[in-house]
Structures are given as structure tokens and as C-alpha cells.
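What follows draws every value from the coordinates through simple rules; no lab data is involved. All values derive from a computational prediction rather than experimental measurement.
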Amino acid sequence: MAKVSAYQVAVIGGGVIGTACARAAALRQLHTVILEPGPDPAAASPASAGMLAAQIEPSDDLMLGLCVRGRDVYEHLAATLKDTTGIDIAFWRGGIAAAAFDEPQADGLREAAALQRQAGLRCDWLSGDEVRERWPGAAPDATGALLASEDGAVDPQALTRALLADARRLGASLLPRQADRIIITGDRVTGIVVGGETVAVEQVVLAAGAWSPLLEGLPRPLAVTPVRGQMAATPWPGETPPAILYYDHGYVLTRGAEAVLGSTMEHAGFDCRVTNEGLAQIFRCAVRLLPAVARLPVLRTWAGLRPVTPDGRPIVGPDPDVRGLFYATGHGRNGVLLAALTGDTIGDLLSKGSTDLDLTPFRPNR
Ligand SMILES: Cc1cc2nc3c(=O)[nH]c(=O)nc-3n(C[C@H](O)[C@H](O)[C@H](O)COP(=O)(O)OP(=O)(O)OC[C@H]3O[C@@H](n4cnc5c(N)ncnc54)[C@H](O)[C@@H]3O)c2cc1C
């Protein structure tokens, strides 16, 4: 166990966001500690589908720009992490197809594809026949699909492991304890309380996912709530090539030999149990996208809690009143996609006090 001593940076939370921030801080030669007692069984990162759905998920142009930028970091990061840690994060950039099952849906997606092309992004429209030709056995009654061919996925557990391993290789310590309270003296952070002991720190990054607002001593309430996502896995049907197929908020994706099926969006507090109703919803959508899953065995089910903000944007950046306190939380459905970019942004703020990303839309007091 790491010794409780003084650090330049303490990162609270060791999910994909916290480990990305800690790695970025350590890369910039800051003496860094990560506080993570778990992960909590309800944590989002291990539960995630790991999609880099930059052109599928965003609800507005601002998030589209952010998500595309976040996605594009992975090409280089995947190779770097393989080199430095030996961990393969299973970066896959084979595209994500969002299917339409009637004409109004098709019209909406065709229009979205055209707008993305106008914005300079690669985005195609596939007819229903083209969908079935490309992925035999998939979406038999689809009228077409938007194909974002530069979107893809990573393995979120491997990514978190690799980010942590790299942070430690670069000198960061892991303290497997919970941060109980943040200490603010005057207008700046001076420490955190961990198991009754005070750890002196110059800068704190709050990256505790859905638990972020619960940290004692914060200077403001944080509008982050847990939103449960349930998941299931079956074998991937042999007749269909690897794919990520999406419909509404549901999806099926290939991970190794398995099909990962998701997901629900439920306000259930900190309850991360899997329910029959949740599974029924997932399978209704999955069977539409990949009918073969109906006759395949269910291998596993699980759930995790997304840290969600009211406007769907993350909270990233400095506290407006307290020096040395930074937020990296509230990433909702896109925390894996945005982890590397969030890490770089926080790393720049910690080391030089500025970043090239306009953080106005992501400030905690918006
Ligand atoms: C079912 C599901 C599917 C998803 N699919 C995708 C996807 O396809 N693509 C995508 O980009 N995103 C996806 N997401 C969202 C993504 O997983 C999250 O946005 C992201 O994992 C959030 O990471 P985090 O590190 O902020 O939170 P978490 O992973 O929840 O980590 C927070 C950590 O903080 C620790 N902690 C809490 N309190 C304290 C404390 N006081 N002191 C120290 N540590 C503490 C917890 O133990 C936990 O490990 C999905 C999420 C779910 C649940």
C-alpha cells in the first residue's frame, strides 16, 4: 500500500476517467496519487460497452465536435499503451451502424448523415439490402442504416487497466482507500481526509463518477446523478461478421467471441441490480438487430451506474472559487469515448493552468 504522504496531485476515483487523469498528470511529471478503494461493484467503467460512438451518441454539435476529437485520440493511444504496458485495449475502428426500421426513422438518419458530411465527417447511408449484405443475419427488416465508419470500440476494462499501469509506470501511486473529505483552507485546496488521516495535496481531481457529489467538503453541489445501465452477453453468432449495430439507445457489439447487448437508462439511485424488465428491454432491441441472439445462451448479465448531468455534458475543469480543485465527472453515456481527451485536458490544467479546449460549456456552475 502506498504511504500516506504529500502529493502534488490527488485523483479521487480510479475508473476510466480518474486513471486517464492520473496518467496525464504523471506524464507531466507531477507527483500523483490515485485514491480508489474498489472499484465499486456499481462503477460505470467495468460495466461499459466501450463504444467510441462519436457520431452516433451526441445530441448537439458541441458534443459531436468534442466526441469526434475524443475518439480520434485513441488511434495513437492504443498503440502507445500497448508499447508501454503490453496491454491491448482492443481498439477496433470498424464503424458503427445505426439502423432504421421505418421510413420516418430512415429520413431522420439520412438527414443526420448529410449534416455530418457537411461538417466534414465521414458518414454514409446504407440501404436495407446493403446492411444485410455487409452483415448477413443482421437487421432483416431494417430499411437502412447510418454508417459512421470511423467510430468503433475499445475494451473498457483493458483500457482502465492500461491507463492505471501506465500511470504507475510513470510514477503515480495507487492508494486503495476512499477519500472522505476535501480540505479547503482560505480559497485553496490543501488536503484530503482518508480514513481519518489527512493527506497534504496541492491539487485535487474529483473523478469519482456517480459518487462525485457525495464527497464531503465540496464548495458546491454537483448536478451528477446515477443512471443505471443493464447489459447482457451471449456468444456472437458465427454467420455475422464483427459489427456494432445500434438502434435507439440499444445496441449489439462484438467483443472477442461474444455479443455484448445493451442497455437501459434507469433512475434507480445506487441500486445496480439486473432486473427482468431491464433484460426484456435489452433483448427486444437486440433481437431486432441480430435475431440469432434469441436462440443463443445468455452468458452473463451485469449493470453499472453512469454519472449523468442534466444537460448531458460532462463537468470538466477548475472550480471557479477554489484554487487547486478540478472536476472530471458527469460523462454520462460517453465516458470511455471522452476519457483520453479528459485526461489530457486535466493534465494541461494541472501542469500549466490552461488548455486549448474551451471549457465554458463544461464548467461546474453552468
Ligand atoms: C452499461 C453501460 C454502458 C456504457 N457504454 C458506454 C460506451 O459504449 N461508450 C462510452 O464512452 N461510455 C459508456 N458508458 C459510460 C462510461 O462507462 C462512463 O461514462 C465512464 O465509465 C465513467 O467513468 P468514471 O471514471 O467517471 O466513473 P466510474 O467508472 O464509475 O468510476 C468512479 C470510481 O470512483 C470510485 N470512488 C467513488 N467514490 C470514491 C471516493 N470517495 N474515493 C475514492 N474513490 C471513489 C469508485 O469506486 C469508482 O471506481 C457506459 C456505462 C454503462 C453503465
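For the stretch 121-195, the percent of C-alpha pairs falling in each 5 Å distance bin, counted from 0 to the bin holding the largest distance, reads 3, 11, 10, 10, 10, 9, 8, 7, 7, 9, 8, 6, 2, 0.
How much of the calculated P(r) for the stretch 45-143 lies past 18 Å, in percent of all Cα pairs? Walk me through the numbers on the way to the answer.
Working: 2812 of 4851 pairs.
When all Cα pairs of the stretch 45-143 are counted, 58 percent exceed 18 Å.
Calculate the translational D of the stretch 249-313 in whole µm² s⁻¹ from Stokes-Einstein, where the hydrodynamic radius comes from the Kirkwood formula applied to all Cα pairs, the temperature is 4 °C and the viscosity 1.567 mPa s. After rounding, the answer is 99 µm²/s. Extents of the stretch 192-290, taken as max minus min of Cα coordinates on every principal axis and listed largest first, are 57, 27, 22 Å.
Using only the Cα atoms of the stretch 207-366, construct the convex hull and provide its projected area averaged over every direction, in square nanometres to one decimal.
On the way: hull surface 43.5 nm².
Averaged projected hull area, Cα only: 10.9 nm².
Based on the alpha carbons, how large is the Rg to Rh ratio for the stretch 1-90 when Rh follows Kirkwood? Please report the intermediate quantities before stating the final value.
Numbers: Rg = 15.4 Å, Rh = 15.2 Å.
Across the stretch 1-90, the Cα-based Rg/Rh ratio is 1.01.
Counting only Cα atoms, the stretch 140-246 measures 63, 34, 25 Å along its principal axes, largest extent leading.
Restricting things to Cα coordinates, could you compute the convex hull volume per residue of the chain in Å³? Spell out each step's value before the answer.
Values: hull volume 47.2 nm³, N = 366.
Each residue corresponds to 129 Å³ of Cα convex hull volume.
Secondary structure note: in the chain, about 70% of the DSSP beta bridges are antiparallel.
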